[in-house]
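Visitor: Sharing a structure, written as structure tokens. Questions coming.
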Amino acid sequence: MSLTPYFPRTPGHEDAPALVWPGGSITWRVFEDRVARVANGLAAAGLGPEDRIAVMAGNVPQFVELMAGCMRAGVMLVPINWHLTAAEAAYILTDSAARMAFADGSNAETLAAAASEAGVTSVQIFDDGYEAWRDAQPLVDPENTRAGGPMFYTSGTTGQPKGVWRPTYQISTSEALDNWFEAGGMWGFDGPGRHLVATPMYHAAPYACIMFAIAHGQTIYVQPKFDPEGFLRDVARYGINTAHIVPTQMIRLLRLPEEARAAHDISSLTQVFHGAAPCPPWVKRGMIEWFGPVIIEYFASSEGAGPVIATSETWLAKPGTVGRCPPEIEITVVGENGEDLPPGEVGTFYFRRIGRPPPTYHNAPEKTAESQLPDGRFTVGDVGWIDDEGYVFLSDRKIDMIISGGANIYPAEVEAALSAHAEVADCAVFGVPDPEWGEQVKAVIQRAPGSGVEEEALIVWCRERIAAYKCPKSIDFREDMPREASGKLKKRLLREPYWADQAERI
């Protein structure tokens with residue numbers, strides 16, 4: 001039985017590789033068959049438009065099947081960060097009302113416990129039952145014509161994470177694929193190509209890049225876990241054109257020995273996207289000097305704030321910018337009293353997607369209301385300014401800003417200075433209580449292997465690079481940092497102990 005071709009394919013493209021991973025690969029013909037079976041399996045389980053399933057897995061090919069299968073079935077896919085505990089995952093399963101859950105072998109135990117707590121009775125484990133379930137489904141065109149899509153949960157910087165619902169999901173499957181195709185073209189996914197997945201699929205940006213590649217019929221190479229030299233090796237081996245990475249990965253690449261950096265031909269790269277966390281200027285400049293003008297920064301969010309995109313050429317001309325606002329998005333900077341601020345003044349970014357309603361938070365009307373102004377503009381808490389030419393500059397997240405003696409201090413600036421020290425493997429800067437100044441600047445450092453660098457030396461290093469009032473007053477050291485694989489730092493876990501005995505928080 002044959003399917004009506006759904007994904008964009010040129011004659012003969014059916015037998016070109018769609019997915020490649022360590023130890024295996026499948027063609028577009030096989031991928032399309034598997035996606036149809038997944039969609040039909042979800043429909044057979046009684047799932048339809050706006051119903052939800054969840055997946056807790058690393059970078060595996062079955063995850064990609066679920067992405068495309070949900071789009072065809074009209075089902076919403078809730079990716080769960082595999083770093084979460086069973087209790088945290090259970091909260092997301094319960095809040096999202098997921099009716100099925102999927103996991104890879106390494107997360108099977110955690111998901112099973114979470115599903116039991118949340119009352120989810122249908123669980124499929126990759127390489128242990130999922131394949132039999134998928135292959136038992138009929139190989140026919142799915143009947144549904146309404147598109148499904150992802151529903152990402154915010155990282156939970158404050159309180160419990162919240163699911164992001166974007167009204168623009170309510171379109172047909174063909175419109176959804178057209179949208180992914182159009183957006184992918186804007187990002188440089190144009191024509192035949194090879195995309196390397198080197199960051200976690202549960203994160204919004206890698207997820208989007210995979211869908212761009214699918215819409216354009218590009219081969220997707222799945223890297224289960226990032227390794228800096230392995231990244232270079234895969235780029236050279238497969239002739240990779242596009243990839244998504246985060247600043248912590250960029251730092252690890254830059255700190256490879258020169259012989260390791262020179263051993264791999266990376267000239268096939270045309271676009272390397274980065275976001276998810278502030279990028280220190282020395283890292284950005286170093287990557288451009290090494291990789292060439294293929295480094296592209298984006299500023300976006302799961303809620304639809306963006307993307308604002310800065311090419312290498314744009315960043316070199318306007319160091320620190322994340323680009324200019326695209327035509328379909330309006331960005332304004334708003335002050336503490338709700339007033340719109342003029343160019344150059346720092347405030348909170350608010351967004352409006354032209355012709356589209358603002359996003360909402362699932363089961364959280366109060367959070368939705370807090371994020372919006374009366375005219376419908378919405379914010380995700382980023383702080384910065386826009387210059388008189390319309391270029392956007394980020395300072396930090398509003399929640400992370402330190403107010404010491406009335407002065408605003410942006411941790412990203414301090415972290416950029418500290419991270420440039422050769423003996424600093426990772427760092428975090430945040431405010432801690434100060435009886436006189438309200439808050440003082442605290443840094444937490446993970447030393448580089450073999451380093452014995454001490455507090456005083458690092459404070460002196462900072463004072464040589466930024467104003468003294470911004471520098472850490474004290475530094476603590478840790479063996480490791482609570483970062484997600486996406487590169488996002490769980491700063492709350494570091495900050496909370498310092499505020500535990502405070503009756504009031506700033």
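The values are calculated or read from the model by the stated rules, or taken from the named source; none is laboratory data. This structure is a prediction, so every number in the text was calculated from the model and none was measured. Here Cβ is always computed from backbone atoms with ideal geometry, including for glycine, and neighbour counts include all displayed protein chains.
Visitor: Quick test of your reading of the structure: GLU143 fulfils all but one of (1) surrounded by fewer than 21 Cβ atoms within 10 Å (Cβ to Cβ); (2) over 13 Å from ALA39 (Cβ atoms); (3) at pLDDT below 95; (4) not basic (Lys, Arg). Name the failing condition by number.
Guide: The single condition GLU143 does not satisfy is (2).
Visitor: With the requirement that a residue be within 18 Å of GLY275 (Cα to Cα) and either in a helix (DSSP H, G or I) or out of contact with any His (no Cβ under 7 Å at 6 or more places or on another chain) (or both), what does region 167-197 give you?
Guide: ALA183, GLY184, MET186, TRP187, GLY188, HIS195, LEU196, VAL197
Visitor: I'm trying to understand the selection: among the residues of region 461-498, which are in contact with a Lys or Arg (Cβ under 8 Å, 6 or more places away or on another chain), of a type outside the set (A, V, I, L, M, F, W, C) and part of a loop (DSSP other than H, G, I, E, B)?
Guide: Listed by number, the residues that qualify are PRO472, LYS473, PRO482, GLU484, LYS490.
Visitor: Okay, moving on. Evaluate region 147-162: report whether one residue or more is farther than 25 Å from ALA90 by Cβ and buried (at least 22 other Cβ atoms within 10 Å of the Cβ). Please lay out each step first, then the result.
Guide: First pass over region 147-162, keeping only residues farther than 25 Å from ALA90 by Cβ: 147.
Filter once more, so that each one left must be buried (at least 22 other Cβ atoms within 10 Å of the Cβ): 147.
Scanning region 147-162, I find at least one residue that is farther than 25 Å from ALA90 by Cβ and buried (at least 22 other Cβ atoms within 10 Å of the Cβ), so the answer is yes.
Visitor: If we keep just the residues of region 395-449 that are of a type in the set (S, T, N, Q) and in contact with a Cys (Cβ under 8 Å, 6 or more places away or on another chain), which is nearest to THR348 (Cα to Cα)? Walk me through how you get there before you give the answer.
Guide: Just the residues of region 395-449 that are of a type in the set (S, T, N, Q), to begin with: 395, 404, 408, 419, 440, 446.
Checking which are in contact with a Cys (Cβ under 8 Å, 6 or more places away or on another chain) leaves us with 419, 446.
Working: SER419: 26, GLN446: 31 Å.
Among residues in region 395-449 that are of a type in the set (S, T, N, Q) and in contact with a Cys (Cβ under 8 Å, 6 or more places away or on another chain), the one nearest to THR348 (Cα to Cα) is SER419.
Visitor: Follow-up. Before we move on, is ALA213 part of a helix (DSSP H, G or I), modelled with pLDDT of 90 or more and more than 16 Å from the chain's Cα centre (by Cα)? Even if it seems obvious, please write down each step before you answer.
Guide: Numbers: part of a helix (DSSP H, G or I): yes; modelled with pLDDT of 90 or more: yes; more than 16 Å from the chain's Cα centre (by Cα): yes.
Yes; evaluated as a whole, the condition is true for this residue.
Visitor: Further, regarding this structure: Among the numbered criteria (1) without any contact (Cβ under 8 Å) to a residue 40 or more places away in the chain; (2) out of contact with any helix residue (DSSP H, G or I) (no Cβ under 6 Å at 6 or more places or on another chain), which one does ALA44 miss?
Guide: Every listed condition holds for ALA44 apart from (1).
Visitor: Same structure, new question: Give the residue, chosen from ALA39, ALA87, ALA97, ALA45, that is more than 25 Å from the chain's Cα centre (by Cα) and either of a type in the set (S, T, N, Q) or surrounded by fewer than 20 Cβ atoms within 10 Å (Cβ to Cβ) (or both).
Guide: The unique qualifying residue is ALA45.
Visitor: Select from region 461-477 the residues that are farther than 16 Å from GLU423 by Cβ and touching a residue at least 24 places away in the same chain (Cβ under 8 Å) and write down the one among them that is surrounded by the most Cβ atoms within 10 Å (Cβ to Cβ).
Guide: Only one residue fits best here, namely CYS471.
Visitor: Within region 5-36, which residues are buried (at least 21 other Cβ atoms within 10 Å of the Cβ) and either more than 16 Å from GLU131 (Cβ to Cβ) or in contact with a His (Cβ under 7 Å, 6 or more places away or on another chain) (or both)? Full working, then the answer.
Guide: Restricting attention to region 5-36, the residues satisfying the condition of being buried (at least 21 other Cβ atoms within 10 Å of the Cβ) are 18-19, 28, 31-32, 34-36.
If the condition is that a residue be buried (at least 21 other Cβ atoms within 10 Å of the Cβ) and either more than 16 Å from GLU131 (Cβ to Cβ) or in contact with a His (Cβ under 7 Å, 6 or more places away or on another chain) (or both), then ALA18, TRP28, GLU32 are the ones that fit.
Visitor: Oh, and also: Given (1) in a helix (DSSP H, G or I); (2) surrounded by fewer than 21 Cβ atoms within 10 Å (Cβ to Cβ), where does LEU458 come up short, assuming only one miss?
Guide: LEU458 satisfies all of (1) in a helix (DSSP H, G or I); (2) surrounded by fewer than 21 Cβ atoms within 10 Å (Cβ to Cβ) except (2).
Visitor: Return the total of residues in region 429-451 being under 14 Å from ARG478 (Cα atoms) and touching a Leu at 6+ places or on another chain (Cβ under 9 Å).
Guide: Matching residues across region 429-451 total 5.
Visitor: Only one of (1) assigned to a strand (DSSP E or B); (2) out of contact with any Gly (no Cβ under 8 Å at 6 or more places or on another chain) is not met by VAL414, so which one is it?
Guide: (1)
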